[in-house]
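The block underneath contains the structure these notes are about, expressed in structure tokens.
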């Protein structure tokens with residue numbers, strides 16, 4: 001099984017983290033996708049498109065169904081589709097069922113090559129986002145994501161924006177698929193999983209990512225990934 005990521009062209013890097021492709025097949029077996037705060041646009045072997053909603057726990061799917069996808073930065077894809085992220089949380093849904101307008105723009109089938117997929121992103125970005133799914137400019141969105149990813153208190157982030165905690169929670173649910181406290185938890189887990197995968201010792205991972213201790217890290221990995229922390233470390 002091979003996996004690779006392609007960095008998008010400069011104009012799209014504020015929207016898309018990467019274009020990924022996987023050599024998984026049906027015989028590979030189930031695939032465990034870890035929550036990362038992002039949403040993906042998935043491409044199947046026929047060129048059909050599906051939306052991977054924001055996950056609150058590991059999503060297990062059969063291998064080989066979606067071997068290509070665009071991973072959007074947290075909070076970005078809902079503003080491009082004009083659909084609240086909470087509506088697709090913890091699901092995989094055909095693009096036509098999520099946003100008929102986006103599906104019409106994409107056409108009946110999209111070749112899974114980088115040029116076609118990046119052109120589709122550019123076309124989506126040319127539309128006017130709704131206020132419900134785009135309460136912040138892209139720079140402000142990145143700041144909210146970064147502040148919560150750094151472990152900032154929800155109240156502090158709301159105060160920086162000049163909003164109440166209730167308003168921040170409502171907008172985060174539309175933009176990210178869940179409230180700011182859950183987003184902060186997921187982003188911390190993502191940082192920890194990246195370090196574990198790189199071979200960093202669990203105790204050091206816990207200290208570097210803001211967990212109170214290694215047992216706290218282990219409990220969170222089990223809750224969000226569905227497997228022990230040792231499973232995320234390199235063989």
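Ellipticity at 222 nm from helices only: DSSP H runs of n ≥ 4 in the chain, each -39500 (n - 2.57), divided by the residue count, give -12500 deg cm²/dmol. Compute the Cα gyration tensor for segment 3-125, then decide on rounded, prolate or oblate, letting a ≥ b ≥ c be the square roots of its eigenvalues: rounded whenever a/c is under 1.5, prolate when a/b is larger than b/c in the other cases, and oblate in all that remain. The shape class here is rounded. Once the Cα-Cα distance is subtracted from the 0.36 nm per residue extended length, the residue 46 to residue 128 segment shows a gain of 26.6 nm. Between [x] 1.08; [y] 0.96; [z] 1.59, which matches Rg/Rh (Cα atoms, Kirkwood Rh) calculated for the structure shown? Working out Rg/Rh (Cα atoms, Kirkwood Rh) from the coordinates points to [y].
The peptide list 3-11, 92-100, put in order of mean Cβ contacts within 10 Å with the highest first, becomes 92-100, 3-11. Using a Gaussian network for the chain with springs between C-alpha atoms less than 10 Å apart, which of these wobbles most: 51, 144, 60? Of 51, 144, 60, the Gaussian network model singles out 60 as fluctuating most. The spread of Cα positions in segment 135-235, taken along each principal axis and listed from longest to shortest, comes to 45, 22, 21 Å.
Quick one: work out the % antiparallel among DSSP beta bridges in the chain, nearest 5. Beta bridges within the chain, antiparallel portion: roughly 100 percent.
Comparing mean-square fluctuations of 32, 143, 208 from a GNM of the chain with C-alpha springs under 10 Å, the top value falls on 208. Under the criterion of Cα pairs below 8 Å and six or more residues apart, the relative contact order for the chain equals 19 percent.
Values in this text are rule-based calculations from the coordinates and carry no lab data. Just so it is clear, the structure is predicted and the values come from calculations on it, not from any experiment. Please note: Cβ atoms are built from the backbone with ideal geometry, for glycine as well, and neighbour counts cover all protein chains shown.
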